[in-house]
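No value in this document is a laboratory result; all are computed from the given coordinates. None of the values given here were measured: they were computed from a predicted structure. Backbone-built Cβ (ideal geometry, glycine too); neighbour counts: all protein chains shown.
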Amino acid sequence: MPALTGAEAAVVDHYLAIVDHLGRINPARADHTHRALLAAQALVAHATGLRDALALMFERGETSVDGETLARALCVLDAQRRVARIVIPDPGPPSTPGGPHG
């Protein structure tokens, strides 16, 4: 894991929490409304945490983000697998009534 400031670590943590909650809310993958509701409620808290971490960085004069370093941290924390849960799966071609020959 690359060395991160406290604010950068908070950005990564809250970003990944948001991704996880969006995956739980995804209507193409969600199987329980209550679980999706809880995820939606938690999403607000993590969005606020992400905003606060970015605001702290900005207040400190950090006007740019080291994307390469943060990307390495995200990879270490399995971000690609987590983001995949947000994607809407391809439903495939529509089925035709009466089978393949109509």
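Where helices (runs of 4 or more DSSP H) fall entirely within the chain, those with at least 2 residues that are free of Cβ contacts under 8 Å to residues at least 40 places away in the same chain and hydrophobic (A, V, I, L, M, F, W, C) are at 6-25, 33-59, 67-76. Any idea which residue in region 33-59 is farthest from Asp20 (Cα to Cα), counting only those that are surrounded by 13 or more Cβ atoms within 10 Å (Cβ to Cβ) and small (Gly, Ala, Ser)? Checked region 33-59; the qualifying residue farthest from Asp20 (Cα to Cα) is Ala53. Only residues that are more than 13 Å from the chain's Cα centre (by Cα) and surrounded by 16 or more Cβ atoms within 10 Å (Cβ to Cβ) were counted in region 1-29, giving 4.
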